[in-house]
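A.B. asks: Pasting a structure here, questions to come.
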Amino acid sequence: MSDRTATIERKTGETDVRLTLGLDGTGAGTRSTGVGFLDHMLDLLARHGRLDLDVAATGDLQTGAHHTVEDVGICIGQALDRALGDRSGIYRYGAATIPMDEARAAAAIDVSGRAFLAWEAPLPPGAIGNFDHELAEEFFRAVSGNAKLTLHLTVEAGTNVHHIVEALFKAFARALRAAVAIDPSETGVPSTKGTLTA
């Protein structure tokens, strides 16, 4: 199996993000973005997705966390796209439903080459630290768009937004882990059209 890793650097007038991702990892790495709740969610993503993930990001947090969260999502998506290469030998599909106390969320992924986010996860206005609730959707839209994933995220139950968002990240992590895993019975790209990159 080839080395399924990628390094992404993105510097704009709003943020500076440096990220390394390995698909066949253990959850190793450090995550430091200046947005404490995002760091916590990235820790969950790495651990439950079995990703080695190092993220160092600085951004214009004086204007809010939007640019940092979105740009970290863009970089994770780009890293996934690069690390997956031509998608040969992967399972392609993954799904998971995760409970977190009273909350329950589901994720379904197709590593399709077609970017699409179905967000059935309405969250009330508010914030967890400096992480506005609406940034959860922005993060996953950036990831799915740049990784070329079809991603469905659904909140099935919950009243505590911290628990709900945590369940969403864990469900995404588990579904991603299943979708990008190597299928020993697959000898090529799992698509009748012969490509999953466009």
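Read-outs throughout are calculated quantities, based only on the coordinates presented, and are distinct from any laboratory measurement. Small disclaimer: the values here were computed from a predicted structure and weren't measured. Counting neighbours? That spans all protein chains shown, and the Cβs are built from the backbone with ideal geometry, glycine included.
A.B. asks: For residue 118 and residue 47 in one chain, what is 0.36 nm times their gap in residues minus the Cα-Cα distance, to one decimal in nm? It would help to have the intermediate numbers written out before the result.
C.D. replies: Details: separation 71, 0.36 × 71 = 25.56 nm, distance 2.41 nm.
Full extension of this stretch gives 23.1 nm more.
A.B. asks: May I pose another question? Residue separation times 0.36 nm, minus the C-alpha to C-alpha distance between residue 134 and residue 160: what's the value? Please list the in-between numbers first.
C.D. replies: On the way: separation 26, 0.36 × 26 = 9.36 nm, distance 1.46 nm.
Stretched out fully, the residue 134 to residue 160 stretch lengthens by 7.9 nm.
A.B. asks: So for the pair residue 32, residue 16, with labels modelled 7 Å out along Cα→Cβ, what separation do we get in nm?
C.D. replies: 1.3 nm
A.B. asks: Please determine, in degrees from 0 to 90 and to the nearest 10, the orientation of helix 161-180 with respect to the longest principal axis defined by the Cα atoms of the chain, where the helix direction is its Cα long axis.
C.D. replies: With rounding to tens, the tilt is 10 degrees.
A.B. asks: Now, a different point. So which residue, out of 169, 131, 140, gets the largest mean-square fluctuation from a GNM of the chain using Cα contacts under 10 Å as springs?
C.D. replies: Per the Cα network of the chain with a 10 Å cutoff, 131 tops the list.
A.B. asks: Could you tell me whether the chain comes out rounded, prolate or oblate from its Cα gyration tensor? Rule is a ≥ b ≥ c as square roots of the eigenvalues, rounded for a/c under 1.5, then prolate if a/b exceeds b/c, otherwise oblate. It would help to have the intermediate numbers written out before the result.
C.D. replies: Numbers: a/c = 1.81, a/b = 1.30, b/c = 1.39.
Taking the square roots of the gyration eigenvalues as a ≥ b ≥ c, the chain is oblate.
A.B. asks: Arrange the following residues from fewest to most other Cβ atoms within 10 Å of their Cβ: 116, 139, 172. If you can, show how the numbers build up before the last one.
C.D. replies: Numbers: 116 14, 139 26, 172 30.
Ordered by Cβ neighbours within 10 Å, fewest first: 116, 139, 172.
A.B. asks: Under a 5 Å amide H to amide H cut-off, with H placed in plane at 1.01 Å, what residues pair with residue 89 once short-range neighbours are removed?
C.D. replies: Amide H to amide H, under 5 Å and 5 or more residues apart or across chains, residue 89 pairs with 188, 189.
A.B. asks: Apply the a/c threshold of 1.5 to the C-alpha gyration tensor of segment 84-196 and tell me whether it is rounded, prolate or oblate. Before the final figure, lay out each step's value.
C.D. replies: Details: a/c = 2.98, a/b = 2.02, b/c = 1.47.
Prolate.
A.B. asks: Relative contact order of the chain, please, whole-number percent, based on alpha carbon pairs below 8 angstrom and at least 6 residues apart.
C.D. replies: Working: 500 pairs, mean separation 51.6, N = 198.
Once normalised by length, the contact order is 26 percent.
A.B. asks: Once you place label points 7 Å from the Cα toward the Cβ at residue 5 and residue 101, how far apart are they in nm?
C.D. replies: If labels sit at residue 5 and residue 101, their model points lie 3.8 nm apart.
A.B. asks: Another question about this same structure. Relative to the longest principal Cα axis of the chain, at what angle does helix 66-84 sit, 0 to 90 degrees, rounded to 10?
C.D. replies: Roughly 10 degrees between the two axes.
A.B. asks: Return the calculated 222 nm mean residue ellipticity for the chain, to the nearest 500 deg cm²/dmol, obtained by summing -39500 (n - 2.57) across DSSP H runs with n ≥ 4 and dividing by the residue count.
C.D. replies: Details: 4 runs with 66 residues, N = 198.
So the helix-based figure for the chain works out to -11000 deg cm²/dmol.
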